[in-house]
Amino acid sequence: MREIHTDEIISTIERLFIDANINLSDEMLERLNKAVEEEKSPVGKEVIRELISNAQIAKNEQIPICQDTGLAVTFLEIGQDVHIVGLNLEDAIAEGVRRGYKNGYLRKSCCDPFTRKNTGDNTPPTIHTKIVPGEHIRIVVLPKGGGSENYGEVRMLVPSDGKEGVKSFVLEMVKKGGPNPCPPIIVGVGIGGNFEMSAILSKEALMMPMGERNKDPEMAKLELELLEEINRTGIGPQGYGGTVTALDVHIKSMPCHIASLPVAVNIQCHAHRKKEAIL
Amino acid sequence: MEIKVITTPLDDEVIKGLRAGDKVFLTGFIYTARDAAHKRFIETLEKNEPLPIDIKGQIIYYCGPSPAPPGKVIGACGPTTSSRMDAYSPKLLSLGLKGMIGKGKRSQAVKEAISKYNAVYFGATGGAGALLSKSVISSEIVAYEDLGPEAIVKLGVDKMPLFVINDIYGNDLYEMGIAQYKF
Ligand code: SF4
């Protein structure tokens, strides 16, 4: 049994949200650099060059990559031999978010669904926890903007829809989003589980390393086929036309009910902000 | 790629020279306004009262920046989705508004108003909030301060990087781009 104090969780969450919003990861920068070469349209190339210099300016000036610094999505993998002491865990995460968005001059984008009154400190965060073996806590933050999140959907396909059904659903969502989710995008697809599980899988899919393929060869093949078809739509960077509409497609899947085929699509923009720490 | 340098206020000759797909650097003054400010503009006009700013020849930027850190003019300030302003834009264009900056497609009614009233719709690169903030050299709240982050802010910009999306000839970069690169 190892004790972890919530003070440490609070300061880590604060630091990760600021870091994620200001410093684009090397992984993303490398992918964008490659995308400039891949893109055929001159306007598209120019847009990607803007995104690369945007990332450099954000780092140098220590300001956010994008003004929509997102809802505070937080994933925790908690080792079952960890004892958390101090505050209630959810309160601690919220406090970390509160401090990060205030001290990092990040935009607070969380509001009441109907009155639209801003909660003022970007809380409550969206928290996903998993209990895993061991005595550590892994924290991953994924501040998620509204423009890209708006083009996500869960759909209960019928089993006979099969792979083709999944493909046409994904393509439908990408086309529906067009320029709005700020392409080049990353597409997360959750297949199987049940209604809510497919959605969580699709978000977890977004957190897979760029270029990494699903372990199941069939799923890996489907990822590549989807990527190719998405890049044939012509949407391109910012929707101005081009051959790089998506930077990658990731699938996460699990078994589902004999009567169902749940599928979720979650779209991420080029401002793919993900940072993690292990306590 | 070639870059056209233009300044505000936009005159008709300059607008005639702009084509969908052009990259431009914009220098001068622009005004931020998004959902709440647009709603208030239209309510004001319906009451036959004057707008708090003279929009003739001006450009509106659909933007809700992140807070300015100490010592900075502005935080990250990329565009928001323009279609939410579609319902209000034709009226403003009929009153002499010459340009709009945002991201995403516009409605048919807005595109028609752009041609009819000699105006232009520019795209600022979505998610390039840090890059765009570099071109902002001054920022001053000029109206609707009570709307907080949605107040109308007059921004002084120097070589703000934009693309022409809808021109007066009815061209639409989104449609042209897809037609050219779909395969
Ligand atoms: S979709 Fe992403 S990049 Fe575009 S404005 Fe929203 S958060 Fe920023």
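Regarding region B:56-109, what's the average projected area of the Cα-atom convex hull, expressed in nm²?
Numbers: hull surface 17.2 nm².
Projected area, direction-averaged: 4.3 nm².
Based on the reciprocal of the average 1/r between different C-alpha atoms, the Kirkwood radius for region A:1-83 equals 15.3 Å.
Once the mean 1/r over all distinct Cα pairs of region A:147-271 is inverted, what Kirkwood radius in angstroms do you read off? Spell out each step's value before the answer.
Values: mean 1/r = 0.0715 Å⁻¹.
For region A:147-271, inverting the mean 1/r across all distinct Cα pairs yields 14.0 Å.
Shape analysis of region B:3-181 places it in the oblate category; the axes a ≥ b ≥ c from the Cα gyration tensor give an a/c of at least 1.5, with a/b not above b/c.
Other chains near A:174-185: what is the mean number of their Cβ atoms within 10 Å of each residue's Cβ?
Counting Cβ atoms of other protein chains within 10 Å of each residue's Cβ and averaging gives 3.
Averaged over its residues, the protein assembly as shown has an accessible area of 41 Å² per residue, based on protein heavy atoms and a 1.4 Å probe. With bins 10 Å wide beginning at 0, the percent of Cα pairs of region A:95-162 falling in each bin runs 14, 35, 28, 18, 6, 0.
Since only B:Gln180, B:Ile6, B:Pro161 are under comparison, the one whose Cα sits farthest along the positive direction of the charge dipole of chain B, derived from C-beta charges on Lys, Arg, Asp and Glu, is B:Gln180. Residues A:Leu24, B:Leu45, ordered by accessible area of protein heavy atoms at a 1.4 angstrom probe radius and largest first, appear as B:Leu45, A:Leu24. Residues A:His136, A:His272, sorted by accessible area with the largest first, give A:His136, A:His272 [1.4 Å probe; ligands and nucleic acids excluded].
Every helix of 4 or more DSSP H residues in chain A counts as -39500 (n - 2.57), and over all residues that averages to -13000 deg cm²/dmol at 222 nm. With Cα atoms as the point set, the radius of gyration and Dmax of the protein assembly as shown evaluate to 22.5, 75 Å.
Remark on region A:207-241: accessible area falls by at least 40 square angstrom from chain-alone to full-complex state for A:Arg232, A:Gln238, A:Tyr240, probe 1.4 angstrom.
Select from region A:54-134 those chymotrypsin sites (Phe, Trp or Tyr not before Pro) which occupy a DSSP coil region and have at most 16 other Cβ atoms within 10 Å, ordered by residue number.
Working: sites: A:Phe75, A:Tyr101, A:Tyr105, A:Phe114; in loops: A:Tyr105, A:Phe114.
Answer by residue number: A:Phe114.
Shown is the FRET efficiency for A:Lys40 and A:Asp91, computed with R0 = 56 Å from the Cβ-Cβ distance and rounded to the nearest 0.05: 0.65.
Please report the antiparallel percentage of DSSP beta bridges with both residues in chain A, rounded to the nearest 5. Please report the intermediate quantities before stating the final value.
On the way: 24 of 44 bridges.
Of all bridge pairs located within chain A, approximately 55 percent are antiparallel.
Of the beta bridges DSSP finds with both residues in region B:3-181, what % are antiparallel, to the nearest 5? Display every interim value, and only then the final one.
Details: 20 of 35 bridges.
Restricted to region B:3-181, the bridges split so that about 55 percent are antiparallel.
When ranked by the protection proxy of mean other Cβ atoms within 10 Å per residue, highest first, what sequence do the peptides A:258-271, A:117-130 form? Don't skip to the end; give the middle numbers.
Working: A:258-271: 23.2, A:117-130: 15.3.
Highest-to-lowest ranking by the protection proxy: A:258-271, A:117-130.
Chain B: longest stretch without exposed trypsin sites (Lys or Arg not before Pro) (DSSP loop, at most 16 other Cβ within 10 Å), sites themselves excluded? Between exposed loop sites, the widest span is B:73-181.
The values are calculated or read from the model by the stated rules, or taken from the named source; none is laboratory data. Since the model is a prediction, treat every value here as computed from it, not as a measurement. No Cβ is skipped: glycine too gets one built from the backbone with ideal geometry, and neighbour counts run over all protein chains shown. Each accessible area value is taken on the protein alone, full model and side chains, heavy atoms only, with ligands, DNA and RNA left out. Shrake-Rupley method; radii C 1.70, N 1.55, O 1.52, S 1.80 Å.
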